[in-house]
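Working notes, beginning with the structure itself.
The values are calculated or read from the model by the stated rules, or taken from the named source; none is laboratory data. Just so it is clear, the model here is predicted, and its values are computed rather than measured. Cβ placement follows ideal geometry from the backbone for every residue including glycine, while neighbour counts extend to all protein chains displayed.
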Amino acid sequence: MAEIILKGRGISKSFDGIKVLENIDIDIPKGSFTVIMGSSGAGKSTLLYALSGMDKPNSGEIEYKGKSITGILEKQMAELRSEEFGFIFQQIHLVSSLTLFENVTVAGCARKADTADVIKRTEKLFEKMNLSGVRNKLPSAVSGGEGQRAAVARAVIKNPGIVFADEPTGALNRSNTDGVLDLLSGIHNEGQTVLMVTHDMHCALRGDRIIYLDDGHIKGELSLGSFVPGDIQRQQRLSDWLAAQGW
Ligand SMILES: Nc1ncnc2c1ncn2[C@@H]1O[C@H](COP(=O)(O)OP(=O)(O)OP(=O)(O)O)[C@@H](O)[C@H]1O
């Protein structure tokens, strides 16, 4: 059985006295591509933020690589997020005054990083992500798809333990969406653990495991196996399963 890289137990979260997450238990196996689905307002992003240490749950325990991260100081949590976690959001948060290439190398040059190695790895990522031609452009001068592909490069430059993606294609058209999804499938095939929130079935098909959140609870879980482009049966399985969840 795969190692559990991230574990949540009894996670609850309320906003203004309204329960959004209620006693959630969740395991993220190393190397998995887990997708959290559910209707709007089900608590998907709240769960992702709690698991990634971006927001604190009201109660519950979270373990990363076997160690509790629940009670750690904010400074240590910030270090953990910076060193071990990669993030991709719907809105592309690149530094507007830096080129795409600089955005990625700056993120990669954390403590103890070898600058020459970071530059070499960024060049490789840019080649793989079809970004070499726009590497010296500012974020404002590239397309949404190019910007989001650079954001994926930035998320993986430090070889994070987990990449957290919150609706990473929510602001993109279909062709740019597929470009970003192909990158996510690519990094997953290379062994990267990915945890993605989406409300889009087309995106969810990339996951090997789907969790359905409903009214603050995990209602169901589907094991989908590896993604194969154009697999009609996979689409049907997911679609039938989502319908059974009340999607
Ligand atoms: N910071 C906050 N303050 C108050 N309420 C919040 C906050 N963040 C989330 N909520 C509320 O918690 C509920 C769950 O929000 P969340 O963003 O986790 O849902 P979601 O499933 O990701 O929805 P969507 O698919 O629409 O993004 C919603 O009712 C939302 O309004």
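Of the residues Phe89, Phe15, the single one that is among the aromatic types (Phe, Trp, Tyr), surrounded by fewer than 17 Cβ atoms within 10 Å (Cβ to Cβ) and within 15 Å of the ligand (Cβ to nearest atom) is Phe15. Has segment 129-145 got at least one residue that is in contact (Cβ under 8 Å) with a residue 24 or more places away in the chain, over 19 Å from Arg206 (Cβ atoms) and of a type in the set (Val, Ile, Thr)? Scanning segment 129-145 turns up at least one residue that is in contact (Cβ under 8 Å) with a residue 24 or more places away in the chain, over 19 Å from Arg206 (Cβ atoms) and of a type in the set (Val, Ile, Thr).
For segment 10-24, does any single residue satisfy the condition of being of a type in the set (Gly, Ala, Ser) and within 20 Å of the chain's Cα centre (by Cα)? No: zero hits. In segment 45-69, the qualifying residues are those that are buried (at least 16 other Cβ atoms within 10 Å of the Cβ) and more than 16 Å from the ligand (Cβ to nearest atom), and the one that is nearest to Lys19 (Cα to Cα) is Ile62.
A quick yes/no check of all residues on (1) at pLDDT below 95; (2) in contact with a Lys or Arg (Cβ under 8 Å, 6 or more places away or on another chain); (3) in a strand (DSSP E or B):
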{"residue": "Ile5", "(1), (2), (3)": "no, yes, yes"}
{"residue": "Arg9", "(1), (2), (3)": "no, no, yes"}
{"residue": "Lys13", "(1), (2), (3)": "no, yes, yes"}
{"residue": "Leu21", "(1), (2), (3)": "no, yes, yes"}
{"residue": "Ile24", "(1), (2), (3)": "no, no, yes"}
{"residue": "Gly31", "(1), (2), (3)": "no, no, no"}
{"residue": "Ala42", "(1), (2), (3)": "yes, no, no"}
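Considering Ser40, Ser96, the condition of being over 19 Å from Ile4 (Cβ atoms), within 16 Å of the ligand (Cβ to nearest atom) and out of contact with any strand residue (DSSP E or B) (no Cβ under 8 Å at 6 or more places or on another chain) is satisfied by Ser40 alone. Checking each residue in segment 96-119 for being in a loop (DSSP other than H, G, I, E, B), of a type outside the set (Gly, Ala, Ser) and exposed (fewer than 14 other Cβ atoms within 10 Å of the Cβ) picks out Arg111, Lys112, Asp114.
Considering only residues that are under 13 Å from the mean Cα position of the chain (by Cα) and not hydrophobic (A, V, I, L, M, F, W, C), look in segment 25-44 and name the one that is surrounded by the fewest Cβ atoms within 10 Å (Cβ to Cβ). Ranking the candidates gives Gly31 first. Considering segment 133-247, the qualifying helices (runs of 4 or more DSSP H), each wholly inside and each with 3 or more residues that are within 20 Å of Ser96 (Cα to Cα) and not β-branched (Val, Ile, Thr), run over 144-156. Residues that are in contact with a Lys or Arg (Cβ under 7 Å, 6 or more places away or on another chain), under 30 Å from Gly246 (Cα atoms), at pLDDT 95 or above and assigned to a strand (DSSP E or B) do not occur anywhere in segment 45-57.
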